[in-house]
Amino acid sequence: MKIAAIEPFVFYDESRSRKFFIVKVETDDGIVGLGEVGIGHWAGAICQALEHLGELCIGADPLATERLWQRMFRASFFPADRVYTCALSAIDIALWDIKGKALNLPVYRLLGGPVRDRVVCYPHNRASSIEATVASCRETSEQGWKFARFDVPIDMTEANEDGVVFEPRESIPRAVELLTKIRDAVGEQINLCIDVHTRLDTANAVALCKALEPFNMFFIEDPLRSENPGSYQTLRQQVSVPIAAGEQWSSKWGFREVIENETINFARIDLCIAGGLTEARKITHACETHFIDIVPHNPLGPVSAAAGVALCMASTNVGVQEMPRAPGSYAQDIFPKQLHFEDGYAWPREEPGLGVDFNEAEARKIAAPLNSWPPQLQRRDGAFNNW
Ligand SMILES: [Mg+2]
């Protein structure tokens, strides 16, 4: 069996609020595997990277996932980084899907699972005001989700031509107000997670973490930017709350320092950025030796969700799996087969591979532009701030 073709699909779902980037890998005997790309805004560059990496993959044995991973990451002499690891990740996930279909086993069983029967998930409670975020948390809790997860609030009322204004220091009392209202609405039994989204510098991150200590948070996510993993040492020395980070790191090398120094509590591996299932499994095992749990990053679609759940099914050190929307509740015309989901838990289908079906004809009907940008934030003085 040989890899015969690699094809990208960039499209919207019916809500047009989410851009999907699916990669299909085909073998010469007709088996099709699906992967997903983690940074859709860069789809133009990542399509080029897919074409380039295809030169290494077409004609190769699709079951030799480790050999192909090493080639894709290292073949240009310069190590792959985000654009290339996004492409590599999608190909690697598709190869594991192919491996499962070729060997007639679900991917989680190939990875050594199950170690659990189902995987607890958190939803997205993102809304444009404190009141709407509280209402969203109440709604998902009533639906059976055991977690609520929301962003550090942005005051959407102040903007100028370059974007919405975000003043880091002013966001701290707003976060306290949000947490007070959410706890009041959902009670003590729901696990609460807040995503700082790399919007703060170290001084304000320390102030925020200290202000949120009374709320018994499950974790505080991305309190710092990711470029200097060593800064987590500074934060760790000053705060006692559980810290989650890692969605922007693009291989095990990005995670190495925070794992070895035990400066985070939860590793936010993005399987569709950090090198697919092959690399995510290694990062997970490195975390296990330091009692760090994984919380796979998944703001994406059904293929990313299925890969994350397969990893969680086969790993002992799992905190919770990100699941922006309940599988099976969206894009069913494009993905007629998705994960099982009930009462805040997801689990895989007992079918070979990842258990996700893809209707290319439907996806082609709502093609999305390759290049795009996320929302933009800026300080009141006009300086840029991370979204
Ligand atoms: Mg995040």
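Test of understanding: ordering Ile58, Ile194, Ile93 by Cβ neighbours within 10 Å, fewest first, what list do you get?
Ile58, Ile194, Ile93
Which whole-number percentage describes the relative contact order of the chain, with Cα contacts under 8 Å and a sequence gap of 6 or more?
22
Please compare each pair in Lys24/Lys99; Lys146/Lys252; Lys2/Lys252 to a cut-off of 25 Å on the Cα-Cα distance and tell me which ones are over it.
Lys146/Lys252; Lys2/Lys252
Using Cα pairs under 8 angstrom and six or more residues apart, how large is the relative contact order of region 3-105, in percent?
32
May I ask you to evaluate 6.51 cos²θ - 1.76 cosθ + 1.60, the Karplus curve with θ = phi - 60°, for each residue of region 173-182 and list the ³J(HN,Hα) values in order in whole Hz, giving x for glycine and proline?
With coefficients 6.51, -1.76 and 1.60, one gets x, 5, 5, 5, 4, 4, 5, 4, 6, 5 Hz.
Calculate, for Val115 and Arg174, the FRET efficiency according to 1/(1 + (r/R0)^6) with r their C-beta to C-beta distance and R0 45 Å; round to the nearest 0.05.
0.70
So, R0 is 45 Å and r is the distance between the beta-carbons of Met156 and Ala60; what FRET efficiency does that work out to, to 0.05?
The value I calculate is 0.40.
So, in nm, how far is label Arg349 from label Gln143 when the simple model puts each one 7 Å beyond its Cα toward the Cβ?
2.1
Identify the residues of region 65-107 with backbone N under 13 Å of a label point that sits 7 angstrom from the Cα of Asp357 along the Cα-to-Cβ direction, or state none.
Answer for this model: none.
Straight-line reach from Lys19: which lysines fall under 17 Å, measuring Cα to Cα and dropping same-chain residues less than 8 apart?
Reachable lysines: Lys365.
What ³J(HN,Hα) values, in whole Hz, does the Karplus curve 6.51 cos²θ - 1.76 cosθ + 1.60 give for region 329-336 when θ = phi - 60°, with x put for Gly and Pro?
Listing the rounded values in order: 9, 8, 6, 6, 5, 8, 10, x Hz.
Would you please give the FRET efficiency between Met1 and Arg126, computed as 1/(1 + (r/R0)^6) with r the Cβ-Cβ distance and R0 = 56 Å, to the nearest 0.05?
With R0 = 56 Å, the Cβ-Cβ based efficiency is 0.85.
I need the P(r) histogram for the chain: all alpha carbon pairs, bin width 20 Å from 0 out to the longest distance, whole percents.
Going out from 0 Å in 20 Å bins, the chain shows 29, 60, 11 percent.
Between region 1-80 and region 211-268, how far is it from one alpha carbon centroid to the other, in angstrom?
Value for the Cα centre distance between the two parts: 30 Å.
Provide the gained length on full extension for the span Arg380 to Asn228, in nm with one decimal, where the gain is 0.36 nm per separating residue minus the Cα-Cα distance.
52.2 nm
Compute log10 of I(q)/I(0) for region 3-105 with the Debye formula, placing one identical point scatterer on every Cα and leaving out solvent, at q = 0.19 Å⁻¹, to two decimals.
After summing over all Cα pairs, the log10 values are -0.88.
Please arrange Trp373, Trp145, Trp347, Trp387 by how many other C-beta atoms lie within 10 Å of their C-beta, fewest to most.
Least crowded to most crowded, the residues run Trp373, Trp387, Trp347, Trp145.
Please build a GNM for the chain, connecting alpha carbons under 10 Å apart, and tell me which residue among Pro123, Pro374, Pro114 fluctuates the most.
It is Pro374.
Please report, to two decimal places, log10 I(q)/I(0) for region 104-206 at q = 0.11, 0.22 Å⁻¹ as given by the Debye formula with identical point scatterers on the Cα atoms and no solvent.
Here log10 of I(q) over I(0) equals -0.46, -1.12.
Output ³J(HN,Hα) for region 105-119: one whole-Hz value per residue in order, computed from phi by the Karplus curve 6.51 cos²θ - 1.76 cosθ + 1.60 with θ = phi - 60°, and x for Gly and Pro.
The phi angles translate into 9, x, 4, 4, 6, 4, 7, x, x, x, 9, 8, 8, 7, 10 Hz.
Taking the beta-carbon count within 10 Å as an exposure proxy, list Thr27, Thr157 from fewest neighbours to most.
Going from sparsest to densest Cβ surroundings: Thr157, Thr27.
Where a number appears in this text, it was derived from the coordinates with a stated rule and is not lab data. In this text the structure is predicted, and so the values were computed from the model without any measurement. Glycine also receives a Cβ, built like all others from the backbone with ideal geometry; neighbour counts cover every protein chain displayed.
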